[in-house]
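A short reminder: the numbers here are calculations on the coordinates, not readings from a lab. None of these values were measured; they are calculated from a predicted model. Here Cβ is always computed from backbone atoms with ideal geometry, including for glycine, and neighbour counts include all displayed protein chains.
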Amino acid sequence: MAGSIALQRLSALPAQPRATTEPVLVRWILLGITLAFLGMFLCVPLVAVFAQALQKGITAYLSALHEPDALAAIRLTLLTAAIAVPLNLTFGVAAAWAIAKFEFIGKSFLITLIDVPFAVSPVISGLIFVLLFGLRGWLGPWLYEHDLKIIFAVPGIVLATTFVTFPFVARELIPLMQEQGTEEEQAALVLGANGWQTFFRVTLPNIKWGLLYGVILCNARAMGEFGAVSVVSGHIRGQTNTLPLYVEILYNEYSFAAAFAVASLLALLALVTLIAKSVVGWKSQQQLLADERAAVKESA
Amino acid sequence: MSIEVQNVRKTFGDFTALRDVSFQVPTGELVALLGPSGSGKTTLLRIIAGLEAADQGAILFHGDDATDRSVRDRQVGFVFQHYALFRHMPVFENVAFGLRVRPKALRPSERDIHARVHALLKLVQLDWLADRYPSQLSGGQRQRVALARALAVQPQVLLLDEPFGALDAKVRKELRRWLRRLHDEMHITSVFVTHDQEEALEVADRVVIMNEGGVEQIGTPEEVYEHPATPFVYHFLGNVNLFHGRIHEGWARLGDIELEAPEHADAQNIPAVGYARPHDIEVTRYRNGTAAIEAVVSYIHPIGPLVRLELTGCDSGDLIEVALSKDRYQEMNFQEGERVFITPRKLRLFVQESQPAAGEGLPKS
């Protein structure tokens, strides 16, 4: 109490003539809190991951990554992303196109539906697939009869990942395409372009930065997804373990150095994603600014 | 190529955008669709282009039914109100687009495309901007690029939606003269939409005046201005004074004036309104034999080639606007507050029932 009163008195001092800025002390305190928080919760863990990973030297680090199980996990993660991201790219563009450029009944329902994967817990998402395709699930017996494995196999992991990363591209594109409107597409049609030409020559170039942004986010999540994948994977070493699952297994087995070595790959992925994201974000911002300037010029 | 619009109707939900519209545009003519916002003129233009489908009716190009022809096959050039230039392409590519998307068999060679685009850019006087992006151009420049792009595919019909709507007054005036000259050179059948009476009357060969989804009058600028067919057209094209009164057995009585109305010979005391333009009203200081309306000069605007007087009718209290030539004004030397007598030289009578709910809030130039 006394402290806050002292602070108030300090801030009331006429040392700071400008009416709109806080006193120096307040500014430093706020900045300090922010930096301390960032350091504690973001930088320290990141550094710790790499420190722990390299704890037993670079050779141990590399050999941990060279383990057949580790390589299998990397392969599976890449495969999953390689399937899930293009699927969601296609779906996202199609959904955004339909929502932004056409009027139809049930449009707002579709928008809500796209958000479902964001709204439900990833574990529930995984469970849905177990309930659907698991041995005692709706389609389980039929799949068993036809010798098709989805749960505790690669298809289940891909399905769960696709479901969880479903909204990223569409969410990124819908506002962008809505803002751009349909006039350019109409102009292309009048000039004799067909649907594909209109899409590839007019629509796609206009949304490319937003699309790339969505794909980067989608990819990061696809590679890093734990909850949903954990439920459907079955944790079979060398077969159904993705990188995040493999990290957990190693950690539970007290192979800390190896666990952190694999985790460092994911951390690296996060860093690359962040950099790519800010570059692309900056690019799309530039485009947005150019569009805005154009709009201002138009109305002037 | 001539355009024929036959009994076109269009509704959007509960809103009737067009009710049974028909008219023709002869080959090579420049026609304006003129009307206030919400009159259906843009919808009509989009239906002609094929960007919108009519609920009923037909569109004929050169006598052939094109109602179900796709927008791609109509061979129309369309200039959008906000230009709709492809923002990620430089000016050159914007203009070349219509040629590049043609099927291989019909696509001109790269050299021909180059030649044609540069010829068009020269025509719109923007040859030097071929490498710029649309965002780097001014509104007037963009408008001309949009026009060059529409002309690149050698359309049979050119359709322009509020082509000068988003430009400032000066550029607007320049561009519309330029459009008129361009049309005189190319003789391509053109239809443009506008809500600006001055623009329509200055540029077009013929004007189609629209209101609430219907056609009010079609005619040359002179015809529609000098002989408005309906009270709406009177209101919409320039200022007009209203004199309320009644018609009885071929005679109309508006305040103190009485005049013959032979076309209403069997009218039995029905309410009517007389319409007279400000420059068709005579103002005198004394009652000179003929019946006249007594009024008081309430305000004088001596600016411009015509002097405008605002009068207040002594009986009705209505505002009456009169335009006098400068010479006449100096000769008479009216003063504010003075009592005068007015007689309409030219007056058109409309029976009250036929008057649409127009009147208030219409643009007056």
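A few notes on this one:
- In this structure, the amide hydrogen of residue B:272, modeled 1.01 Å from its nitrogen in the peptide plane, lies closer than 5 angstrom to those of B:245, B:246, B:247, B:352, counting only residues at least 5 positions away or on a different chain.
- Calculated [222 nm] ellipticity per residue, helices only, for chain A: -24500 deg cm²/dmol; basis is -39500 (n - 2.57) per DSSP H run with n ≥ 4, divided by all residues, nearest 500.
- Applied to the stretch B:251-268, the Karplus parametrisation 6.51 cos²θ - 1.76 cosθ + 1.60 on θ = phi - 60° returns per-residue 3J(HN,Hα) values of 10, 10, 10, 10, x, 8, 8, 10, 9, 6, 9, x, 6, 10, 4, 9, 6, 10 Hz, with x for Gly and Pro.
- Counting every C-alpha pair in the stretch A:131-185, the share spaced more than 18 angstrom apart comes to 54%.
- Cβ charges +1 (Lys, Arg) and -1 (Asp, Glu), total dipole of the protein assembly as shown, debye: 2960 debye
- Full-extension gain in nm, residue A:29 to residue A:108, via 0.36 nm per residue minus C-alpha separation: 23.9 nm
- When the helices of chain B are scored as -39500 (n - 2.57) per DSSP H run of n ≥ 4 and the total is divided over every residue, the value at 222 nm lands at -7500 deg cm²/dmol.
- Net charge, residue B:347 excluded, C-beta distance under 10 Å - Lys, Arg +1, Asp, Glu -1: +3
- Here residue A:101 is the anchor, and the aspartates and glutamates within straight C-alpha reach of less than 17 Å, apart from those fewer than 8 places off in the same chain, are A:172, A:179, A:183, A:184, A:185, B:52.
- DSSP beta bridge pairing in the protein assembly as shown, given as percent antiparallel to the nearest 5: 75 percent
- Per-selection Rg to Rh, the stretch B:212-365 - Cα, Kirkwood hydrodynamic radius: 0.97
- Fraction of beta bridges assigned by DSSP in chain B that are antiparallel (%, nearest 5): 75 percent
- When the P(r) of the stretch B:84-225 is calculated, the portion above 28 Å amounts to 24% of the C-alpha pairs.
- Options B:275, A:31, B:60, ranked by Cα towards positive dipole end of the protein assembly as shown, top entry (Cβ charges): A:31
- Residues residue B:260 and residue B:314, FRET efficiency given R0 of 41 Å [Cβ-Cβ distance, rounded to 0.05]: 0.95
- The lysines within cross-link reach of residue A:283, meaning a Cα-to-Cα straight distance under 23 Å and a gap of 8 or more places when in the same chain, are A:208, A:297.
- The H on the amide N of residue B:189, modeled in the peptide plane, is under 5 Å from the matching H of B:28, B:158, each at least 5 residues off or on a different chain.
- Taking the Cα centre of the stretch B:188-233 as origin and assigning +1 to Lys and Arg Cβ atoms and -1 to Asp and Glu Cβ atoms, the resulting dipole is close to 180 debye.
- Inter-part distance where the stretch A:33-66 and the stretch A:160-192 are each reduced to a Cα centre, Å: 39 Å
- Principal axes of the stretch B:16-167: Cα extent on each, largest first, Å: 46, 38, 27
- The stretch A:90-224: equivalent-ellipsoid semi-axes (sqrt of 5 x gyration tensor eigenvalues, Cα, Å): 35, 16, 14
- With θ taken as phi - 60° and the Karplus curve 6.51 cos²θ - 1.76 cosθ + 1.60 applied, the whole-hertz 3J(HN,Hα) list for the stretch B:153-166 is 8, 6, x, 7, 9, 10, 10, 10, 9, 6, x, 10, x, 9 Hz, x standing for glycine and proline.
- Backbone phi angles across the stretch B:3-16, fed through the Karplus curve with coefficients 6.51, -1.76 and 1.60 (θ = phi - 60°), yield HN-Hα couplings of 10, 10, 10, 10, 6, 7, 10, 8, 10, 10, x, 7, 8, 8 Hz in residue order; Gly and Pro are listed as x.
- Unit charges on C-beta of K, R, D, E only; dipole of the stretch B:42-102, Debye: 340 debye
- Antiparallel %, DSSP beta bridges [both residues in the stretch B:107-265], to 5: 70 percent
- Rg over Rh, two decimals, the stretch B:6-62 (C-alpha only, Kirkwood Rh): 0.95
- Calculated SAXS-style log₁₀ I(q)/I(0) at q = 0.07, 0.10 Å⁻¹ - the protein assembly as shown, Debye, Cα scatterers: -0.74, -1.05
- Chain A - Rg and Dmax from Cα coordinates, angstrom: 25.1, 83
- Its convex hull of Cα atoms gives chain B a direction-averaged projected area, equal to a quarter of the hull surface, of 22.5 nm².
- Euclidean distance between Cα centres, the stretch B:206-230 to the stretch B:25-61, Å: 15 Å
- Calculated P(r) tail over 15 Å for the stretch A:57-151, as whole % of Cα pairs: 77 percent
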